[in-house]
1. Taking the range 30-45 on its own, how many of its residues are open to solvent by less than 60 Å² (accessible area, probe 1.4 Å) and touching an Asp or Glu at 6+ places or on another chain (Cβ under 8 Å)?
2. When only residues in the range 190-221 that are open to solvent by 60 Å² or more (accessible area, probe 1.4 Å) and modelled with pLDDT of 95 or more count, which is nearest to ILE110 (Cα to Cα)?
3. Does the range 263-272 hold any residues that are of a type outside the set (Phe, Trp, Tyr) and open to solvent by 10 Å² or more (accessible area, probe 1.4 Å), and which are they?
4. Filtering the range 116-142 down to residues that are in contact with a Lys or Arg (Cβ under 6 Å, 6 or more places away or on another chain) and modelled with pLDDT under 95, which residue is farthest from GLY21 (Cα to Cα)?
5. Could you grab the pairs with beta carbons closer than 8 Å, sequence gap of 6+ or different chains, first residue in the range 103-131 and of a type in the set (Gly, Ala, Ser), second one open to solvent by 30 Å² or more (accessible area, probe 1.4 Å) and part of a loop (DSSP other than H, G, I, E, B)?
6. Could you check how many residues of the range 228-262 are without any contact (Cβ under 8 Å) to a residue 40 or more places away in the chain, open to solvent by 20 Å² or more (accessible area, probe 1.4 Å) and not in a loop (DSSP other than H, G, I, E, B)?
7. Take THR113 and decide whether it is of a type in the set (Val, Ile, Thr) and at pLDDT below 95.
Amino acid sequence: MRIYELGDGTPEVSVVGSIHGDEPCGARAIERFVAEEPDVERPVKLIIANEEALEADVRYLDEDLNRAFPGDPHADSHERRLAHDLGREVRETTAFSIHSTQSFAEPFAIVDTVDAIARSICPHLPVDFLVETNNFAEGRLIEHAHTIEVEAGLQKSDEAADNAYWLIRAFLTATNVLPAPTVASDGSGGEEPMSADRPNLGVQEDNSLDVFRLLEKIPKPEAEEYEVFATNFQEVSEGEKFARADDETFVADQSFYPILLSAYGYADIFGYAGDNIGQIS
């Protein structure tokens with residue numbers, strides 16, 4: 001675990017990247033941000049979590065770190081020990097955890113519950129969707145109070161790393177660590193407000209977010225080949241085909257919103273069925 005601390009005093013804000021070693025976008029974004037030596041108005045802690053798995057280019061060494069919290073300092077498992085240490089580092093901070101996915105190219109946010117922290121920060125992030133995990137956060141960092149998780153884009157893509165960088169800046173602006181960020185027309189930084197050339201990444205104005213709640217897992221049987229027909233966050237109607245496993249086609253027995261649906265993202269589920277529960281702004 002590599003930790004950068006910026007500013008004077010005890011950080012009340014933290015950013016966590018690469019909990020999963022096969023999701024390098026968080027580490028890349030943190031390193032890019034720290035290399036700029038930004039002036040911060042509040043102290044902040046930036047953490048590259050699972051360095052060993054990142055170096056090995058694997059999701060984890062012993063078990064999924066994002067299912068191992070709160071961890072155990074005496075565990076045999078590398079990730080369970082790391083979960084304890086990481087939990088200690090983010091304790092008493094508003095935390096921002098960066099991930100990537102095989103299911104959706106655009107960034108979206110995930111929280112355990114849409115609470116006051118989520119309502120105050122998420123509308124200022126460059127995302128259109130917010131997912132409430134409901135009862136599916138067991139062992140994940142977002143069980144920690146005051147934690148927001150984001151999926152920055154497609155796994156191992158340059159776009160996800162770039163998105164993660166701008167997500168960090170937006171989060172740190174929303175938490176008053178940074179002043180409103182700026183970007184020049186050539187993208188190098190300058191006088192113009194960031195929203196001038198990247199309207200979806202600005203934090204000057206509130207952004208209404210569609211809020212979805214996870215309802216249930218969608219099981220995936222053993223098969224040689226999988227395919228997903230549905231598009232995440234777009235409603236699947238009753239009777240509509242949404243996925244295939246070899247020659248078996250799956251049809252919705254009732255309408256639902258697919259969330260984190262992908263052919264190969266999970267070993268035993270296609271993803272989740274969810275409901276659209278409204279908006280926040």
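The values are calculated or read from the model by the stated rules, or taken from the named source; none is laboratory data. Bear in mind the structure is a predicted one, so any value in this text is a computation, not a measurement. Cβ sites come from the backbone with ideal geometry, for glycine too, and all protein chains shown count toward neighbours. For accessibility, only protein heavy atoms count, side chains too; no ligands or nucleic acids. Shrake-Rupley method; radii C 1.70, N 1.55, O 1.52, S 1.80 Å.
1. 3
2. Applying the filter and picking the extreme gives ARG213.
3. Within the range 263-272, ALA263, GLY265, ALA267, ASP268, ILE269 qualify.
4. ASN134
5. Listed by first residue and then by second, the contacts come to SER103/GLY265.
6. Result for the range 228-262: 6.
7. It is true that THR113 is of a type in the set (Val, Ile, Thr) and at pLDDT below 95.
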